[in-house]
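Here the structure is laid out as structure tokens; the discussion comes afterwards.
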Amino acid sequence: MTDFRVAKGKAQEDQVTAAIEAYTSQIPSSIYLGLALASMAVSVGFQIAGKKETSLFIGQWAAPFLILGIYNKLVKQHGSDGAEENQTVEESQAA
């Protein structure tokens, strides 16, 4: 069976992804949690007001906000692709 996994540092993200991550990594992760909770609260408000379709639409925003928060946290902790970290290790081993 063929192993298709990519080793750390073997592939690099493009410049667009790196630019987006550099900008969004400055946003606190708690903002994403707050947005998720706010979308749930607004959804409940629409549900009480009898606007069921709008309520469902807004309520579905919670999961993407939480996923973006997790991605944001991972980028802050591990970086975009780990290529720089891997190069540093290789350079120190070569010395």
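The values are calculated or read from the model by the stated rules, or taken from the named source; none is laboratory data. Quantities reported herein were computed from a predicted structural model and do not represent experimental measurements. Cβ sites come from the backbone with ideal geometry, for glycine too, and all protein chains shown count toward neighbours.
When V16, V44 are screened for being more than 20 Å from H78 (Cβ to Cβ) and either assigned to a helix (DSSP H, G or I) or aliphatic (A, V, I, L, M) (or both), only V44 passes.
One residue stands out among those in the range 53-95 that are surrounded by 15 or more Cβ atoms within 10 Å (Cβ to Cβ) and not in a helix (DSSP H, G or I): the one that is modelled with the lowest pLDDT, which is G82. Restricting attention to the range 13-24 and to residues that are among the hydroxyl-bearing types (S, T, Y) and at pLDDT 80 or above, the residue that is farthest from I67 (Cα to Cα) turns out to be Y23.
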